[in-house]
1. Report, ordered by the first and then the second residue, all pairs with beta carbons closer than 7 Å, sequence separation of six or more or different chains, a first member in segment 10-32 that is farther than 22 Å from residue 64 by Cα, and a second member that is modelled with pLDDT under 90 and part of a helix (DSSP H, G or I).
2. Given 56, 30, which one is over 12 Å from the mean Cα position of the chain (by Cα) and over 14 Å from residue 1 (Cα atoms)?
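The values are calculated or read from the model by the stated rules, or taken from the named source; none is laboratory data. Just so it is clear, the structure is predicted and the values come from calculations on it, not from any experiment. Cβ placement follows ideal geometry from the backbone for every residue including glycine, while neighbour counts extend to all protein chains displayed.
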């Protein structure tokens, strides 16, 4: 289900690290995501929020997203 929804939102399938991170976030686990520039970190962080809203899942309404300077 994650793959289909991700692809609908982004027009391309998720990478393995995205799939794993999204699953953990949907299970309300904290994660630390380290990936190269342009690999899809922002999409990975935002997708669970949109997914949860779309399916009316109980999910936090806030996140902390930190990037290096």
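1. Listed pairs, sorted by first residue: none to list.
2. Numbers: 30 fails: over 12 Å from the mean Cα position of the chain (by Cα).
From the options 56, 30, the qualifying one is 56.
For every residue, the table says whether it meets (1) surrounded by fewer than 16 Cβ atoms within 10 Å (Cβ to Cβ); (2) in a helix (DSSP H, G or I); (3) at pLDDT 90 or above.
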| position | (1), (2), (3) |
| --- | --- |
| 5 | no, yes, no |
| 17 | yes, yes, yes |
| 20 | yes, yes, yes |
| 25 | no, yes, yes |
| 39 | yes, no, yes |
| 64 | yes, no, no |
| 69 | yes, no, no |
